[in-house]
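Please read the structure below before turning to the comments.
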Amino acid sequence: MSVSKPPPPHSHFPPSNPSSHLSLPPSSSTSPSPSTPPSAVGPPSPALPPPPSPVKISMQEHFAINVCPGPILPIPQISDFFPRFHDFPITPLPPREKQVLKDKDKDEDGNGEKDHKREREQGENGEFADSDDDDTYLGTLEFSLLFDQENNCLHCTVHKAKGLKAMDSNGLADPYVKLHLLPGASKANKLRTKTLKNTLNPVWNETLIYHGITAADMTTKTLRLCVCDMDRLGRNEFIGEVRVALKKLKEGESKKYYMGLERIAQTREGNSQAVDPGVLVAEEERGRILVSLMYITEKSSLIVGIIRCAHLAAMDSNGYSDPFVKIVLQPNMGKKSKYKTSVKKKTLNPEFNEEFTYDVPHDQLAKKTLEISVWDYDLGMSNDFIGGVELGINAKGERLKHWFECLKYKGKKVEYWHTLTQQGAPSSD
């Protein structure tokens, strides 16, 4: 409905253009002018409706209409940027490129068109996620393993992954690889690579090293490699995993693997932990320590080196420990017989590389006992005992062998890994 405005009632200036849009429409009266003869007037025309009355608006309303910005737009919500937070189901991702390539190969054989149509219908129905062909859907992982028995190290080199499953809304993923040694505590022997952003074919070429791995471990341990997607706004998402029995790996030989990722039932981890006896598992959960001994004849001194610990038991609520090592040479020689390393914060695999010197004649060393204990530091509270080991004439097995080699090979540094146990725990901190 159009609205016309009448001209000002007291205008001193007539309009310059009679046809201007501001001029008033002609009068609604249908009576002829006095100068028109009656014969020239035709039959009377029907009466027209009166024009609409002009609408009077204030100056404020006038300016408000002219500057109106238009319709109010809705405020963007976080769900518009992150579709996974929608309450309603979103459109499923398109079929993977790798599967489309396979379909093209089938088309060359003659039957690919029907297979492609059927798989496309399955993809629209969301049936690919429940497919039994997990290897082609989840992707593949390429890595290599090397066992260094001389240094008790297992080198794990993660090369690359290919054709990973898309986990993010943009059709990509932020993958990283997490390593575990089974059986054992998860955080004590967990290693991980760096995270690569927005890729389904990541290339890491990163080497991760497990210290304190003996030949006996290689016969009972299984290496688990998990590929996960990093998510800053929520929990990291699991893509797939592979497992390798270390007993198949030969000492000093680097073996390369190219395996398809799969989803393995969690019960397999529980079954694998039943391989070792319960006593050995309990000892393993406390961790291991690498100690070096060397006797210098010229100075008549024993040098004890605390190099590192591995797979320590978690004593804090965050799943880690703040470990340090205390050593005592018995029988007690006063203050010169007790030493303590620095504290390493929030770690289960600390590296110390600290040495301590005891001035003791060689003929008395055979009667001595070296007590080594690992503790968890707690500020304002009593420290927690993690585990300990005793080296001396009364020890057994590897601990006795280590002590005898130190006495026999003077001037030579002898290094051994020892398993931490409850034995040797002092009565007080």
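Please treat every number below as a calculation from the coordinates, not as lab data. Just so it is clear, the structure is predicted and the values come from calculations on it, not from any experiment. FYI the Cβ positions are ideal-geometry reconstructions off the backbone, even for glycines, and counts take in every protein chain you see.
7 Å from Cα along Cα→Cβ at both Asp231 and Thr219: what's the point-to-point distance in nm?
For the pair Asp231/Thr219, the computed spacing is 4.3 nm.
Quick check: the distance between the Cα centres of segment 345-366 and segment 371-400, to the nearest angstrom?
Taking the Cα centre of segment 371-400 as reference, the centre of segment 345-366 is 12 Å away.
With 23 Å as the limit, write out which pairs from Lys197/Lys345; Lys178/Lys413; Lys346/Lys396; Lys299/Lys413; Lys190/Lys413 have Cα-Cα distances beyond it, or answer none. Intermediate results must be reported in sequence, preceding the final value.
Working: Lys197/Lys345 29 Å; Lys178/Lys413 35 Å; Lys346/Lys396 32 Å; Lys299/Lys413 15 Å; Lys190/Lys413 30 Å.
The answer is Lys197/Lys345; Lys178/Lys413; Lys346/Lys396; Lys190/Lys413.
State the three equivalent ellipsoid semi-axes of segment 139-261, derived from the C-alpha gyration tensor as the square roots of 5 times its eigenvalues, in descending order and whole Å.
Numbers: eigenvalues 148, 42, 26 Å².
Equivalent-ellipsoid dimensions as semi-axes: 27, 14, 11 Å.
Once phi is turned into θ = phi - 60°, what whole-Hz ³J(HN,Hα) does the Karplus curve with 6.51, -1.76 and 1.60 give for every residue of segment 368-383, x standing for Gly and Pro?
8, 10, 9, 9, 10, 9, 10, 10, 9, 7, 10, 6, x, 9, 6, 5
Between Lys412 and Ser58, what is the label-to-label distance in nm when each label sits 7 Å out along the Cα-to-Cβ direction?
The two pseudo-label positions are separated by 10.5 nm.
When the chain is fully extended, how far beyond the present Cα-Cα distance does Lys256 get from Gln149, taking 0.36 nm per residue of separation?
Working: separation 107, 0.36 × 107 = 38.52 nm, distance 1.82 nm.
Here the answer is 36.7 nm.
Beyond a 21 Å Cα-Cα separation, which of these cross-linked pairs lie in this structure: Lys221/Lys250; Lys344/Lys412; Lys160/Lys256?
On the way: Lys221/Lys250 14 Å; Lys344/Lys412 28 Å; Lys160/Lys256 12 Å.
Lys344/Lys412, as the Cα separations exceed 21 Å there.
As a test of understanding, state the convex hull volume per residue of segment 288-419 from its alpha carbons, in Å³. Kindly include the intermediate steps, with their values, before the conclusion.
Details: hull volume 13.3 nm³, N = 132.
Output value, Cα hull per residue: 101 Å³.
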